[in-house]
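Shown next, in structure tokens, is the structure this report addresses.
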Amino acid sequence: MKAWISAFRLRTLPLSFSPILLGTLLAASHDGFRWSTALLAFLTTLFLQILSNLANDYGDGVKGTDNEERIGPARAIQTGAISQEAMKRALYITSVLSFLSGIGLMAVSLNSWQEWAIFLLMGLSAIWAAIQYTVGENAYGYKGLGDVFVLIFFGWMGTIGTYYLHTESLNWVIFLPATAVGFLAARVLNLNNMRDRITDERVGKRTLAVLLGDKLARVYHTFLLLTTIILSVAYVTLNPSNTYAWGFVILLFPILVMLTKVWKVTDPKQFDPMLKQTAISALFYAIIFGVGQLL
């Protein structure tokens, strides 16, 4: 049980919940909140994140990417705590749970068959993306596309999709904070990839950090942060309400401090403790930004 709980990597949940929370709070600020939608959205995200974590463990373990040179926490397949067959069964189970939870979410939120068709396709693509990041010969995480998929699922689909499930309406300006929280999620992935850049390159895992190299990966990290600030300011400017909407600026100082630390890193191991801090900053952003709009 301890091995499975460790493999679930529950510490990643704050990051995955961030776009769902932001989309929910933005919907509530537009009088569109529904408890049933919120609870099932978080449950579906929980299953999808666990599925993604297990698939990541399985894919990197089978390929030999996770080896004795790995800097981060040891993985279940790598250490032999969980067998490949057991992990494969767990992938089937969590895929089914994600699908069933998603169907329940659509049942309480959508009315037309057109909406059902679109969200069913989105749900199936989320399950596919959770698995295909490291599993299989065409794993997109090995081709430098991980950041793109993070933006799509942890930004646009997570935030805008949740907003629509609550309100059954689209508002193009939601794209701005959705992109911002997606970039914050991409910062976590980039930190992880900068930490593992040398070992990933040795085993042929071509993440964006590997393709960019050390210095440009840090430049990219800076771009993600600065663009997040610009997008947030743009949204609040286009939706003037009250001073609470500017509450997110209190996060700028700690986030800029973390960015300064990124540029000072000389040993890849120093990136590891920053992962948790960066993930939590994304959650705080979703809470403070969303509550500011709600107030």
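The values are calculated or read from the model by the stated rules, or taken from the named source; none is laboratory data. These figures come from a predicted structure and were not determined experimentally. So basically every Cβ, Gly included, is an ideal-geometry build from the backbone, and we count neighbours across all protein chains shown.
Would you point out the residue of region 147-178, among those that are of a type in the set (Gly, Ala, Ser) and more than 21 Å from Leu226 (Cβ to Cβ), that is surrounded by the most Cβ atoms within 10 Å (Cβ to Cβ)? Here the residue is Gly158.
Residue-by-condition table, conditions (1) touching a helix residue (DSSP H, G or I) at 6+ places or on another chain (Cβ under 9 Å); (2) polar (S, T, N, Q); (3) at pLDDT below 95; (4) surrounded by fewer than 20 Cβ atoms within 10 Å (Cβ to Cβ):
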| residue | (1), (2), (3), (4) |
| --- | --- |
| Tyr92 | no, no, no, yes |
| Gly102 | yes, no, no, no |
| Leu105 | yes, no, no, no |
| Asn111 | no, yes, yes, yes |
| Leu124 | yes, no, no, yes |
| Ala130 | yes, no, yes, no |
| Tyr133 | yes, no, yes, no |
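Only one of the numbered conditions (1) within 30 Å of Arg202 (Cβ to Cβ); (2) hydroxyl-bearing (Ser, Thr, Tyr); (3) modelled with pLDDT of 95 or more is violated by Tyr164, and that is (1). If you filter region 30-45 down to residues that are touching a Ser or Thr at 6+ places or on another chain (Cβ under 8 Å) and of a type in the set (A, V, I, L, M), you find that the one that is surrounded by the fewest Cβ atoms within 10 Å (Cβ to Cβ) is Leu43. The single residue among Ile255, Ile287 that is over 21 Å from Phe175 (Cα atoms), within 18 Å of the chain's Cα centre (by Cα), surrounded by 13 or more Cβ atoms within 10 Å (Cβ to Cβ) and among the β-branched types (Val, Ile, Thr) turns out to be Ile255. Which of the residues spanning region 180-191 are out of contact with any Asp or Glu (no Cβ under 8 Å at 6 or more places or on another chain) and either among the hydrophobic types (A, V, I, L, M, F, W, C) or surrounded by fewer than 21 Cβ atoms within 10 Å (Cβ to Cβ) (or both)? Within region 180-191, Ala180, Val181, Phe183, Leu184, Ala185, Val188, Leu191 meet the criteria. With respect to (1) more than 23 Å from Pro268 (Cα to Cα); (2) in contact (Cβ under 8 Å) with a residue 12 or more places away in the chain; (3) hydrophobic (A, V, I, L, M, F, W, C), the lone exception for Trp172 is condition (2).
Can you pull out the residues in region 264-295 that are part of a loop (DSSP other than H, G, I, E, B) and modelled with pLDDT of 90 or more? Selection gives Val265, Thr266, Asp267.
Could you tell me whether any residue of region 211-218 is without any contact (Cβ under 8 Å) to a residue 60 or more places away in the chain and on the phi > 0 side of the Ramachandran plot? There is at least one residue in region 211-218 that is without any contact (Cβ under 8 Å) to a residue 60 or more places away in the chain and on the phi > 0 side of the Ramachandran plot. Among the numbered conditions (1) in contact with a helix residue (DSSP H, G or I) (Cβ under 8 Å, 6 or more places away or on another chain); (2) at pLDDT below 90; (3) not in a helix (DSSP H, G or I), the only one that Arg206 does not meet is (2).
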